[in-house]
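First up is the structure itself, then whatever we jot down about it.
Values in this text are rule-based calculations from the coordinates and carry no lab data. Keep in mind the model is a prediction, meaning the values are calculated, not measured. Backbone-built Cβ (ideal geometry, glycine too); neighbour counts: all protein chains shown.
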Amino acid sequence: MVKYSPYDWETAHNPYPVYKELRDSAPVYRNEELGFWALSRHADVCAAHTDPETFSSAGGVTLEGSDAGLPFLIVMDEPGHRWHRKLVNGAFTPRRLAALEPFVRNKAAGLLDEFAERGEFDAVEDFAIRLPLDVISELLGIPEEFRRDVNVFSNQVIAVPDPDDPEAAGAQSAAAIKLIELYLGLVRERRTNPRDDVITLLLQSEVVDETTGEHRFLTDDEVAYRFMEMGLAGHETVAKLIPNALVGLFWYPDQRRRLAEDPALAKNAVEEFLRWDPPSHLQGRTTTRDVELHGVTIPAGEKVMLLTAAASHDDRVYDDPEALDIGRQIRRQVGFGFGIHACLGAALARLETRIALQELLARFPDYAVDGSRAVRRVQANVRGLSHLPIIPRPA
């Protein structure tokens, strides 16, 4: 009998064998101890993501549900979600991203050039965190002196509190408070001194509240929470995706060689990395009615985890899904979530990851990974590495 818990360390280290067991023998899985259900097949996960009336986000998207009721888009249902999302989408327009691309490439190149004379660098701390943090900060208007605090507090906010540490939950709450206070301070500063950045755009945009029909401007608190959400979406996913991709390319040297020889493949390669080992593995929902699926009834009011990482390895959809193939055509990408709650910063994350891989392979096409010293971090809905030693081998 298959057993699944996202907090089991052995599963977190390599969840894919368990995901296969779930898909094959328990596509509607029940964990009685933790009180949740899990869907793992591609068709079922996609169907649930595109039925927000039945699979509601308002009960929180984490297993604990501690995020329920917070003023974040990810835990909003319609109609509130729609108008807030429409406003925030203005931060990630194709025009803004195209204008940002030279900055991303210069930043990636500058960071990598620092490592040319070093015998080793940490792909996470030295590169995969610094690049997206500087990029999202440039886009949103976060001053350089606050960027490390943003990263530290963000990691604490999304971490899984240690149940054996009575102070862990309090530390997580304290980090969330510090982060929102930081953003509130920036919002208030922008009201006084507007600039050409996204935070000023949000402050100056009149909106129609679809819940009340009222025409108004966002409050400082609303802008701060949008700011916080975009900051999390804009750097946490990339900080996990880039190291996962580097591990994959090291494990599959033929794929690394293909990408190094033809950098134009990077755009499609990013889609394969999102399928093969995505940063986000699951998204929580709460049922609003009884749901019957595969002969099993999930009652109304139950927590359901949509396992997008399991769905991405479904052999009903993909041939040889455990293998990495940068030329693979992805039918329905669920690596950044799916439906109305797909990741806010997905287009930016794709841009950053594509450029990061192109620039790194241009300099170090035969790099090595020291897996013996890699460190994995288990977080609420995110899976990735906190340390990945890279030994650069110049072309």
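Using 0.36 nm times the number of residues separating residue 297 and residue 208, minus their current alpha carbon distance, what extension gain do you get?
Values: separation 89, 0.36 × 89 = 32.04 nm, distance 3.93 nm.
Result: 28.1 nm gained on full extension.
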Pairs from 20/86; 3/178; 20/178; 86/303 whose Cα-Cα separation, in the structure shown, is over 29 Å: 20/86; 3/178; 20/178
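Classify the chain as rounded, prolate or oblate from the Cα gyration tensor: take a ≥ b ≥ c as the square roots of its eigenvalues, call it rounded if a/c is under 1.5, otherwise prolate when a/b beats b/c and oblate if not. Mind showing how you got there, number by number?
Details: a/c = 1.55, a/b = 1.03, b/c = 1.51.
Since a/c reaches 1.5 but b/c is at least a/b, the shape of the chain is classed as oblate.
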Within a Gaussian network of the chain (alpha carbon springs, distance under 10 Å), most fluctuating of 171, 68, 368: 171
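I need the helices of the chain that pass two filters: whole DSSP H segments spanning 24 Å or more by Cα along the axis, and mean Kyte-Doolittle score no lower than -1.0. If you can, show how the numbers build up before the last one.
On the way: long enough: 94-114 (30 Å, -0.27); 168-192 (37 Å, 0.31); 220-251 (47 Å, 0.33); 346-363 (26 Å, 0.43).
Membrane-span-like by this criterion, though nothing is claimed about a membrane: 94-114, 168-192, 220-251, 346-363.
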Of 144, 322, 101, the one that fluctuates the most in a GNM where the chain has Cα springs shorter than 10 Å: 144
Highest-MSF residue in the chain out of 248, 90, 384 [GNM, Cα springs under 10 Å]: 90
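Enumerate by residue number the trypsin sites (Lys or Arg not before Pro) in segment 184-215 meeting two conditions: DSSP loop (anything except H, G, I, E, B), and at most 12 other Cβ atoms within 10 Å of the site's Cβ. Don't skip to the answer; put the middle values down first.
Working: sites: 188, 190, 191, 195; in loops: 195.
Loop-located and lightly packed - 195.
Please rank 277, 51, 113, 197, fewest neighbouring Cβ atoms within 10 Å first, as an exposure proxy.
On the way: 277 24, 51 14, 113 11, 197 17.
Taking fewest neighbouring Cβ atoms as first place, the list is 113, 51, 197, 277.
Under unit Cβ charges (Lys, Arg +1; Asp, Glu -1), what dipole magnitude, rounded to 20 debye, does the chain have relative to its Cα centre? Don't skip to the end; give the middle numbers.
Working: 44 positive and 62 negative charges, 181 e Å.
Using Cβ point charges on Lys, Arg, Asp and Glu, the chain gives about 880 debye.
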Average Cα contact separation per residue, the chain, under 8 Å, 6 or more apart, as relative contact order %: 25 percent
Sorted by Cβ density within 10 Å, fewest first, the residues 9, 251: 9, 251
Footprinting exposure proxy for 386, 205 (fewest neighbouring C-beta atoms within 10 Å first): 205, 386
Centroid-to-centroid separation of segment 214-284 and segment 339-395 [C-alpha atoms, Å]: 9 Å
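Given R₀ = 30 Å, FRET efficiency for residue 10-residue 323 by Cβ-Cβ distance, to 0.05?
On the way: r = 23 Å, r/R0 = 0.75.
The pair residue 10/residue 323 has a calculated efficiency of 0.85.
What's the local net charge at residue 42, with K and R +1, D and E -1, over the other residues with C-beta under 10 Å away?
Working: positive: 23, 41, 316, 331, 332; negative: 44, 314, 315.
Result for the neighbourhood of residue 42: +2.
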Cα lying deepest toward the dipole's positive end in segment 280-380, options 294, 344, 355, charges on Cβ: 344
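Between rounded, prolate and oblate, where does segment 231-382 land on the alpha carbon gyration tensor, with a ≥ b ≥ c its root eigenvalues, rounded for a/c under 1.5, else prolate if a/b exceeds b/c? Write out the running numbers ahead of the final one.
On the way: a/c = 2.15, a/b = 1.87, b/c = 1.15.
Because a/c hits 1.5 or more and a/b exceeds b/c, segment 231-382 counts as prolate.
Hey, got a sec? Which GluC sites (Glu not before Pro) in segment 1-77 land in a DSSP loop and have at most 16 other Cβ atoms within 10 Å? Walk me through the numbers before you get to the answer.
Numbers: sites: 10, 21, 32, 33, 53, 64; in loops: 32, 33, 53, 64.
Answer by residue number: 32, 33, 53, 64.
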Net charge of Cβ neighbours under 15 Å - reference residue 105; Lys, Arg +1; Asp, Glu -1: 0
Of all DSSP beta bridges in the chain, antiparallel share, percent nearest 5: 85 percent
